[in-house]
Amino acid sequence: MINIAIIGAGLSGLTAANMLKDRFSITLFDKSRGVGGRLATRRSHPYNFDHGAQFFSPKTDDFKAFIAPMIQAGVIEPWEARFAEIDGRKVTQQWQWDTQKPHYVGVPGMNAIGKYLAKGLEVKLNTPVKSIKQIGENWHLDDEHGNALGAFDWVISTIPPKQAAQLVPANDPVQQILEATSMSGCFSVMLGFETPLPLAFDAALVVNENISWISANQTKPGRENSYSLLVHSTNKWADAHLDDDREDALKYLCEHASEIVGHDLSKAVHKSIHGWRFANIEKQSGPSHFCDAQRKIALCGDYFIQGRMEAAFTSGKQVAQTVLSAASQGNTNA
């Protein structure tokens with residue numbers, strides 16, 4: 001059976017793996033200790049925070065069909081939040097999310113989606129791939145210590161382009177694609193309180209500030225009741241400060257968010273921050289993925305389309321379809 005290595009166990013990688021697993025032998029590699037990528041949840045009892053993707057609203061029939069089994073299984077539920085838009089540090093619009101246009105979340109955390117999709121797959125966690133090289137007809141993967149991770153007929157990279165560019169030689173043809181794409185960062189501030197804040201919203205989109213998002217995580221279905229506030233910086237501010245001392249960034253963003261919501265967030269009993277170097281990308285106009293069927297190497301990820309969960313799914317699905325098509329034409333010796 002044809003062996004395929006998928007680098008990255010985020011949504012794109014998991015989508016591709018599930019589409020290919022019945023035809024090929026699939027191994028996923030991820031440097032993190034859990035699957036899902038930015039479908040991430042961090043817990044610090046009694047608080048929990050979805051510190052990556054916040055929610056998603058399906059738009060295409062393909063994506064709706066993809067999430068339907070997870071809705072049925074209770075892994076995904078609608079979040080009927082009191083939503084607000086904040087501009088000039090004032091609420092300019094406010095409405096209630098409902099099931100007419102659902103905004104979904106993973107239950108009991110966003111990472112539940114990745115865990116569901118990873119069932120039955122061979123996933124090697126805490127295993128960063130340091131380099132890939134083609135020797136003969138096989139791709140050889142090595143870890144950060146130079147240890148061999150295996151030889152594969154195909155390799156599919158689903159990690160951010162800057163990370164993927166470090167895996168292949170400087171003169172590799174895929175470098176031109178990877179180097180032409182740049183993703184933006186984001187800081188996630190996680191604040192836990194003993195007493196709930198009297199905010200007039202559960203989730204808020206913030207504009208014209210260095211903060212872009214504020215939400216009370218415990219208002220999502222299936223969460224613990226402890227008041228857990230999640231604050232996202234803007235991509236622009238994060239890109240300018242990703243190398244700053246984390247405590248300095250945490251202090252600034254807490255103070256800035258306090259001014260926006262009108263409450264002193266320094267009273268939080270739990271404070272932490274996470275910096276995402278590759279969190280978002282504006283809408284792209286090119287293809288949904290890249291595939292060289294002759295060399296048996298492919299690239300996919302939301303960075304081909306837009307920094308959205310549905311884009312990650314679409315890219316992963318379409319790269320898998322391309323590989324399957326190549327197989328049917330004999331390009332993979334399947």
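The values are calculated or read from the model by the stated rules, or taken from the named source; none is laboratory data. For clarity, every value in this text was computed on a predicted model and none was experimentally measured. Backbone-built Cβ (ideal geometry, glycine too); neighbour counts: all protein chains shown.
Being under 30 Å from residue 318 (Cα atoms), of a type in the set (Asp, Glu), outside the structural domain of residue 10 (by TED's automatic domain parsing) and out of contact with any strand residue (DSSP E or B) (no Cβ under 7 Å at 6 or more places or on another chain), is that true of even one residue in segment 65-87?
No, segment 65-87 contains no residue that is under 30 Å from residue 318 (Cα atoms), of a type in the set (Asp, Glu), outside the structural domain of residue 10 (by TED's automatic domain parsing) and out of contact with any strand residue (DSSP E or B) (no Cβ under 7 Å at 6 or more places or on another chain).
Kindly indicate which of 297, 260, 211 is at negative phi, in the same structural domain as residue 154 (by TED's automatic domain parsing) and not acidic (Asp, Glu).
That would be 297, the only listed residue that is at negative phi, in the same structural domain as residue 154 (by TED's automatic domain parsing) and not acidic (Asp, Glu).
What's the number of the only condition in (1) within 19 Å of residue 196 (Cβ to Cβ); (2) surrounded by fewer than 15 Cβ atoms within 10 Å (Cβ to Cβ); (3) under 20 Å from the mean Cα position of the chain (by Cα) that residue 236 fails to meet?
(1)
What number goes with the only condition from (1) closer than 24 Å to residue 104 by Cβ; (2) in contact with a Leu (Cβ under 7 Å, 6 or more places away or on another chain) that residue 174 does not pass?
The number of the failed condition is (1).
Those residues that are over 18 Å from residue 112 (Cβ atoms), in contact with a strand residue (DSSP E or B) (Cβ under 6 Å, 6 or more places away or on another chain) and part of a loop (DSSP other than H, G, I, E, B), I need them from segment 20-37; list them, please.
24
Could you say which residue among 99, 127 is hydroxyl-bearing (Ser, Thr, Tyr) and surrounded by fewer than 16 Cβ atoms within 10 Å (Cβ to Cβ)?
99 is the lone residue from the list that is hydroxyl-bearing (Ser, Thr, Tyr) and surrounded by fewer than 16 Cβ atoms within 10 Å (Cβ to Cβ).
Determine, yes or no, whether residue 194 is touching a helix residue (DSSP H, G or I) at 6+ places or on another chain (Cβ under 8 Å) and farther than 19 Å from residue 55 by Cβ.
Considered against the rule, which asks whether it is touching a helix residue (DSSP H, G or I) at 6+ places or on another chain (Cβ under 8 Å) and farther than 19 Å from residue 55 by Cβ, residue 194 comes out as no.
Does residue 182 fit the bill of being under 22 Å from residue 281 (Cβ atoms) and at pLDDT below 95?
Spelling it out, residue 182 is indeed under 22 Å from residue 281 (Cβ atoms) and at pLDDT below 95.
The conditions are (1) basic (Lys, Arg); (2) closer than 16 Å to residue 184 by Cα; (3) free of Cβ contacts under 8 Å to residues at least 40 places away in the same chain, and residue 277 fails exactly one of them. Which is it?
(3)
Take residue 152 and decide whether it is of a type in the set (Phe, Trp, Tyr), assigned by TED's automatic domain parsing to the domain that holds residue 296 and more than 20 Å from residue 175 (Cα to Cα).
yes
Condition first: in contact (Cβ under 8 Å) with a residue 40 or more places away in the chain and in contact with a Cys (Cβ under 6 Å, 6 or more places away or on another chain). Can you find one or more residues in segment 249-260 that meet it?
Within segment 249-260, none of the residues are in contact (Cβ under 8 Å) with a residue 40 or more places away in the chain and in contact with a Cys (Cβ under 6 Å, 6 or more places away or on another chain).
May I ask you to say which residue of 38, 82, 43 is crowded, with 20+ Cβ neighbours inside 10 Å, touching a Phe, Trp or Tyr at 6+ places or on another chain (Cβ under 9 Å) and basic (Lys, Arg)?
38 is the lone residue from the list that is crowded, with 20+ Cβ neighbours inside 10 Å, touching a Phe, Trp or Tyr at 6+ places or on another chain (Cβ under 9 Å) and basic (Lys, Arg).
Return the only residue of 320, 326, 311 being farther than 19 Å from residue 165 by Cα and touching a residue at least 40 places away in the same chain (Cβ under 8 Å).
320
Which condition from (1) modelled with pLDDT under 95; (2) of a type in the set (D, E, K, R); (3) outside the structural domain of residue 92 (by TED's automatic domain parsing) is the one that residue 224 breaks?
Exception for residue 224: condition (3).
Considering only segment 281-315, state which residues are under 22 Å from residue 209 (Cα atoms) and surrounded by 20 or more Cβ atoms within 10 Å (Cβ to Cβ).
Selection gives 281, 307.
Report those strands (runs of 3 or more DSSP E) wholly inside segment 39-149 carrying at least 1 residues which are farther than 23 Å from residue 311 by Cα and touching a Ser or Thr at 6+ places or on another chain (Cβ under 9 Å).
In segment 39-149, 42-44, 47-49, 82-87, 122-124, 129-135, 138-143 are the strands (runs of 3 or more DSSP E) which contain 1 or more residues that are farther than 23 Å from residue 311 by Cα and touching a Ser or Thr at 6+ places or on another chain (Cβ under 9 Å).
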